[in-house]
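Okay, so here's the structure we're looking at.
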Amino acid sequence: MTDMKKSYERIVSFIDNPNEKTLLLRGVAEKEKHRLILRALNRKGNSKGVIHLLHTTADGMKNFFDWAELYDVKVPKVYGEPMRLSNLTIYFNNLTTKGLTYKYDKSEFDFMIIWPIQSVTENIDEIEMLKQLTLRQKSKKIIFLSLHEPNYNPDKFEEFVDKVIRID
């Protein structure tokens, strides 16, 4: 079995496990990380989720799919507008860690992706805010997706997530 197949199965195992809520998906294989998480979430069928773009511009919606080398995906023109990708309904939100945000606290999503986390890997206060955000959320699965490793080290996230999967 290939490393990517094993990684995919570990992601599926996380998604199917009701006792695990948070995942740090890390490693240097950028395209594979992005594709595997989308593929694993898609297999559940008709899932709804939000991708929190951390400290990005509106281009972040397109950039997320570019990292997966899915260049033809039509993204929404504005935050909060839904888009369909196969079996997934995805909303985007611009998330800042400069102040508390409660925007989606009352929403229950099947998944929530917080991306890219490299901008907060060295700031303890911002990491704590993200940790508190995960505790307040009703979403079933929360995925922290790293970018630009090893230049940015997300080790501090390992202290509070339920599972870590490394894809190199």
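In table form, for the structure just shown:
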{"item": "Unmet requirement for Y91, which otherwise passes all of (1) assigned to a strand (DSSP E or B); (2) open to solvent by less than 40 Å² (accessible area, probe 1.4 Å)", "result": "(2)"}
{"item": "Residue check for L85: under 26 Å from E20 (Cα atoms), surrounded by fewer than 19 Cβ atoms within 10 Å (Cβ to Cβ) and either at pLDDT 85 or above or among the basic types (K, R) (or both)", "result": "yes"}
{"item": "From G49, G60, residue being surrounded by 15 or more Cβ atoms within 10 Å (Cβ to Cβ) and within 11 Å of I113 (Cα to Cα)", "result": "G49"}
{"item": "L147 being open to solvent by less than 20 Å² (accessible area, probe 1.4 Å), among the aliphatic types (A, V, I, L, M) and part of a loop (DSSP other than H, G, I, E, B)", "result": "yes"}
{"item": "Checking Q118 against (1) touching a Phe, Trp or Tyr at 6+ places or on another chain (Cβ under 6 Å); (2) modelled with pLDDT of 90 or more; (3) over 14 Å from G49 (Cα atoms), the condition it does not meet", "result": "(2)"}
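The values are calculated or read from the model by the stated rules, or taken from the named source; none is laboratory data. Since we're looking at a predicted model, the values are computed, not measured. Neighbour counts are summed over all protein chains in view; Cβ atoms, including those assigned to glycine, are modelled from backbone coordinates with ideal geometry. In case anyone asks, the SASA skips ligands and DNA or RNA and just uses the protein heavy atoms, side chains included. Shrake-Rupley method; radii C 1.70, N 1.55, O 1.52, S 1.80 Å.
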